[in-house]
Amino acid sequence: MRTAIVGGGVVGLACAFELARRGAEVTLFEREQPGAGASTVAAGMLAPSSELEKTPQVLVDLQLDSLRRYPDFVAAVEAAGGQPCGYRDEGTLWVSRHRDDELELDHLCAIQQDRGMPARRLSGRDVRQIEPYVSPRAVGGLLVERDTQVDPRRLVPALRAACEASGVEIRAQTVVRAIEPRRGTLSLTIESDAGASQFETDQALLASGVWLEDCIVTPLPTLGMRPIKGQIVHLRGQPLADRVLRNSDIYLVPRADGELLLGATEEEQGFDLTASAGGTLDLLRYAFEVLPGIYDLDLTEIDVGLRPAFSDHMPVIGPTNVDGVFIAAGHYRGGILLAPGTAHWMAELMINGQAIDHLAPFGYERLLQNQEAPA
Ligand code: FAD
Ligand code: GLY
């Protein structure tokens with residue numbers, strides 16, 4: 001089965017790898033280089049605990065399903081392509097600064113346990129025992145040992161290598177301008193330095209992140225994809241933490257090579273990718289409250305990415321009303337976490353051609369319900 005994938009972010013690459021492993025003939029089109037979108041900006045937390053309260057149970061279930069798949073996914077990617085993904089399993093430590101935070105952590109602990117996710121409340125002293133550089137003003141904590149992390153700047157090249165080793169043809173700097181059904185197949189209009197041409201395929205998967213509906217012509221209805229801007233600060237120097245540290249305002253993600261990421265803003269700014277003084281100030285200020293030692297680190301980078309979001313903040317993963325055209329997009333704040341699950345279920349769907357119960361809540365029809373019928 002000839003399969004074209006539009007978009008070389010973590011979602012497109014993970015799907016390409018999974019489909020190729022199952023025998024599909026896959027060509028992936030990426031208008032820049034793989035990872036040029038949100039995927040290499042992401043912090044890489046694999047943490048269903050993070051935005052738990054605001055997340056519908058069906059999405060938490062998909063996150064947990066994907067989290068369970070991660071160790072095997074990483075092993076398969078590393079074995080196929082020979083490059084490391086930067087996977088770590090030290091967990092997340094929520095740090096409370098005052099009474100409000102403490103009540104919030106009690107609440108979060110209760111919700112986690114309700115949803116079958118183990119979490120342990122800690123005193124301020126316990127917190128500093130496991131993470132000695134945390135501020136002496138921290139009054140308590142919540143340890144979520146099940147959370148893990150991956151380094152997206154390692155994962156993306158590792159996935160690219162795994163795809164290529166598995167027979168995926170990656171066409172970088174090639175933009176897909178249109179998808180059109182034609183006599184039982186699909187015709188893609190593609191454009192590269194060599195000019196415009198047509199590409200025939202049996203199936204196409206749109207995994208183009210926030211650009212799902214931008215500068216591409218398809219017979220699909222409009223779903224209302226929008227960008228949610230995120231700024232993230234990179235620091236480097238003496239290692240100050242082993243685990244991901246966080247509270248409701250900030251997360252701090254340590255990398256094995258001594259980098260510390262502070263994230264992230266969440267802004268409605270359209271497709272703007274400018275780093276702002278205000279965003280950076282907020283991130284540094286909140287991070288300093290948790291880990292005062294950041295004062296002496298080097299500020300090496302301020303990165304900006306666009307999270308792909310639909311109006312209900314749930315992804316679309318599934319078929320469309322156009323034969324052979326599928327969508328895997330709108331992963332918002334969780335695309336790195338959701339990549340192995342998305343790839344697994346998408347491959348089941350595209351290869352076996354049968355509806356998948358697990359994907360029913362992620363169908364795109366739900367986004368059409370509030371749209372006006374044509375006059
Ligand atoms: P993208 O990575 O944006 O990839 C889409 C690709 O498609 C791009 O490379 C683009 O160039 C290409 N493309 C678009 N249109 C076309 C076309 N017509 N033809 C060819 N190519 C095309 N998620 C987590 O799970 N954990 C985190 O800790 C986390 N932290 C984050 C922190 C920040 C600051 C941000 C911004 C995001 C974070 N995310 C996190 C979210 C995560 O980054 C996204 O959900 C994920 O990267 C989306 O992946 P994607 O493949 O759908 O999109
Ligand atoms: N999931 C972290 C972020 O989107 O900032």
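Please indicate, with yes or no, whether at least one residue in region 209-217 is buried (at least 21 other Cβ atoms within 10 Å of the Cβ), within 14 Å of ligand 2 (Cβ to nearest atom) and either modelled with pLDDT of 95 or more or polar (S, T, N, Q) (or both). Yes, region 209-217 contains at least one residue that is buried (at least 21 other Cβ atoms within 10 Å of the Cβ), within 14 Å of ligand 2 (Cβ to nearest atom) and either modelled with pLDDT of 95 or more or polar (S, T, N, Q) (or both).
For beta carbons closer than 6 Å, sequence separation of 6+ or different chains, a first residue in region 4-17 that is open to solvent by 10 Å² or more (accessible area, probe 1.4 Å) and a second that is part of a helix (DSSP H, G or I) and of a type in the set (Ser, Thr, Tyr), the qualifying pairs are Gly9/Ser39; Val11/Thr342.
Quick grid of which residues meet (1) under 24 Å from Glu301 (Cβ atoms); (2) near ligand 1 (Cβ under 6 Å from one of its atoms); (3) charged (D, E, K, R):
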site: Met1; (1), (2), (3): no, no, no
site: Ile5; (1), (2), (3): no, no, no
site: Phe17; (1), (2), (3): no, no, no
site: Ala24; (1), (2), (3): no, no, no
site: Thr27; (1), (2), (3): no, no, no
site: Arg31; (1), (2), (3): yes, yes, yes
site: Gly35; (1), (2), (3): yes, no, no
site: Pro56; (1), (2), (3): no, no, no
site: Val60; (1), (2), (3): no, no, no
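Condition check for Gly86 on (1) crowded, with 20+ Cβ neighbours inside 10 Å; (2) touching a residue at least 40 places away in the same chain (Cβ under 8 Å); (3) of a type outside the set (Asp, Glu): one failure, at (1).
Any residue at all in region 336-345 that is in contact with a strand residue (DSSP E or B) (Cβ under 6 Å, 6 or more places away or on another chain), closer than 30 Å to Leu235 by Cα and within 16 Å of ligand 2 (Cβ to nearest atom)? The answer is yes; a qualifying residue exists.
Within region 248-264, none of the residues are open to solvent by 60 Å² or more (accessible area, probe 1.4 Å), in contact with a strand residue (DSSP E or B) (Cβ under 8 Å, 6 or more places away or on another chain) and either among the charged types (D, E, K, R) or not in a loop (DSSP other than H, G, I, E, B) (or both).
For beta carbons closer than 7 Å, sequence separation of 6+ or different chains, a first residue in region 42-53 that is open to solvent by 20 Å² or more (accessible area, probe 1.4 Å) and a second that is among the acidic types (Asp, Glu) and at pLDDT 90 or above, the qualifying pairs are Met45/Asp147.
Within region 313-352, restricting attention to residues that are farther than 22 Å from Ala264 by Cβ and of a type in the set (S, T, N, Q), the residue that is nearest to ligand 1 (Cβ to nearest atom) is Thr320. If you go through region 17-29 and pick out every residue that is in contact with a helix residue (DSSP H, G or I) (Cβ under 6 Å, 6 or more places away or on another chain) and assigned to a strand (DSSP E or B), you end up with 2. Look at Gln231 and say whether it is out of contact with any Lys or Arg (no Cβ under 6 Å at 6 or more places or on another chain), modelled with pLDDT of 95 or more and open to solvent by less than 20 Å² (accessible area, probe 1.4 Å). Considered against the rule, which asks whether it is out of contact with any Lys or Arg (no Cβ under 6 Å at 6 or more places or on another chain), modelled with pLDDT of 95 or more and open to solvent by less than 20 Å² (accessible area, probe 1.4 Å), Gln231 comes out as yes.
State whether the residues of region 58-81 include one that is in a loop (DSSP other than H, G, I, E, B) and open to solvent by 40 Å² or more (accessible area, probe 1.4 Å). Looking through region 58-81, none of the residues is in a loop (DSSP other than H, G, I, E, B) and open to solvent by 40 Å² or more (accessible area, probe 1.4 Å). Of the residues Met314, Met350, the single one that is over 24 Å from Gly44 (Cβ atoms) and open to solvent by less than 70 Å² (accessible area, probe 1.4 Å) is Met350.
Within region 139-148, the residues that satisfy the criterion of being open to solvent by less than 10 Å² (accessible area, probe 1.4 Å) and not aliphatic (A, V, I, L, M) are Gly140, Gly141, Asp147.
Residues in region 30-48 include at least one that is closer than 30 Å to His107 by Cα and outside any loop (DSSP other than H, G, I, E, B).
Just one residue in the set Val156, Val134 is away from ligand 1 (no atom under 13 Å from the Cβ), modelled with pLDDT of 95 or more and either outside any strand (DSSP E or B) or open to solvent by 10 Å² or more (accessible area, probe 1.4 Å) (or both); that residue is Val134.
The values are calculated or read from the model by the stated rules, or taken from the named source; none is laboratory data. For clarity, every value in this text was computed on a predicted model and none was experimentally measured. So basically every Cβ, Gly included, is an ideal-geometry build from the backbone, and we count neighbours across all protein chains shown. Each accessible area value is taken on the protein alone, full model and side chains, heavy atoms only, with ligands, DNA and RNA left out. Shrake-Rupley method; radii C 1.70, N 1.55, O 1.52, S 1.80 Å.
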